[in-house]
């Protein structure tokens, strides 16, 4: 059983500005102006939506190759609905995170709709990000 | 009850290269070379780790301001353990996503350790990304 460890390091370098280091890549996160930030990048919940979209696209590519499907174009739009009250410390019955995440998949490929439905079913089943969102994932946070 | 919709759009522009659009921001995702990609950016599971780190940093800032704690430096390291077999379509008993995500929080602030432990407890409770990972989040994927 092959286990892979992925590592990320992130630093608070402004009010809400975060510099993230992932292997050789550097990404900047921030909050938009209406949430009090300097808008130097996407915020963490937007990153969750991008991770989910990217995962469908990449697993989609892998499964299409396996099934011999040629992809001409492939795009995903994502919407996530969230009540920021808990995040902001206001009294609420709502959860802190997204209540629901909806993805719309636009694909142009040399396959009929029934084949693409079967393809999408396999993609969803094998998508790591969807697994981590839909099912319980242990997250341990410790003070150094 | 205030609900906010967050939107992201992502396009497959190479073998595994993804261009993500989040408001005015453009991010590139990819797989590293050893997973068959062109390594033009982080991959979706690394993005999950960065989202979790960024969320602790930003909620950490908010809660510190509320508690009157001055932060001198604040960094988070994250490790996620994953078996890529399911993603790759190999037979496995393992889940597709991270089995476990561990964060180590390095903070230098004008507060004693007990206060920082209480602070971190509140931060974890109010962190949207942790909520979405630890608890079930509905993800709907539909073919356009």
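Where a number appears in this text, it was derived from the coordinates with a stated rule and is not lab data. Nothing here was measured: the structure is a model prediction, and the numbers come from that model. Quick reminder, even Gly has a Cβ in these numbers, built from the backbone with ideal geometry, and neighbours come from all protein chains shown.
Describe numerically, in nm with one decimal, the distance between label points set 7 Å from Cα along Cα→Cβ at residue B:144 and at residue B:125.
My value for the distance between the label points is 4.2 nm.
Could you work out, residue by residue across B:22-34, how many beta carbons of other chains sit within 10 Å of that residue's beta carbon, and then give the average as an integer? Intermediate values should be presented prior to the final figure.
Working: counts 9, 6, 4, 12, 1, 9, 3, 8, 3, 4, 5, 0, 1.
For peptide B:22-34, the averaged partner shielding equals 5.
Give me log10 I(q)/I(0) at q = 0.16 Å⁻¹ for the protein assembly as shown, Debye formula, one equal scatterer per alpha-carbon, no solvent.
Rounded to two decimals, the profile gives -1.25.
Could you check which residue among B:131, B:34, B:77 shows the biggest mean-square fluctuation in a GNM of chain B with a 10 Å Cα cutoff?
Of the options given, B:34 has the highest mean-square fluctuation.
So for B:21, B:130, fewest C-beta neighbours within 10 Å to most, what's the order? Each step should come with its number before you reach the end.
Working: B:21 17, B:130 25.
Result, fewest neighbours first: B:21, B:130.
For the stretch A:43-134, what does the relative contact order come out to in percent, with C-alpha contacts under 8 Å and a separation of six or more? Walk me through the numbers before you get to the answer.
Values: 108 pairs, mean separation 32.2, N = 92.
In percent, rounded to a whole number, it is 35.
Using a simple spin-label model with points 7 Å from Cα along the Cα→Cβ vector, what separation in nm is obtained for residue A:117 and residue A:71?
Spacing of the two 7 Å Cα→Cβ label points: 2.2 nm.
Any chance you could give the angle, 0 to 90 degrees and rounded to 10, that helix B:44-67 forms with the longest Cα principal axis of chain B?
20 degrees
Residue A:26 label points, 7 Å along Cα→Cβ, one per copy: pairwise distances from this copy to the rest in nm, shortest first?
2.0
Relative to the longest principal Cα axis of chain A, at what angle does helix A:113-126 sit, 0 to 90 degrees, rounded to 10?
40 degrees
Using Cβ counts within 10 Å as a stand-in for footprinting exposure, how do B:25, B:136 rank, fewest first? Could the numbers behind the result be given before it?
Details: B:25 20, B:136 10.
Sorted ascending by nearby Cβ count, the order is B:136, B:25.
Looking only at B:53, B:64, B:33, which one moves most when chain B is put into a Gaussian network model with springs between Cα atoms under 10 Å?
B:33
Describe numerically, in nm with one decimal, the distance between label points set 7 Å from Cα along Cα→Cβ at residue B:99 and at residue A:7.
1.9 nm
Apply the Kirkwood formula to the stretch A:1-137: the hydrodynamic radius equals the inverse of the mean of 1/r over all pairs of different alpha-carbon atoms; give it in Å with one decimal. Intermediate results must be reported in sequence, preceding the final value.
Values: mean 1/r = 0.0576 Å⁻¹.
Hydrodynamic radius (Kirkwood, Cα only) of the stretch A:1-137 equals 17.4 Å.
For the stretch B:69-109, place one equal point scatterer on every Cα, skip the solvent, and apply the Debye formula. What is log10 of I(q)/I(0) at q = 0.25 Å⁻¹?
Summing over Cα pairs of the stretch B:69-109 leads to -0.80.
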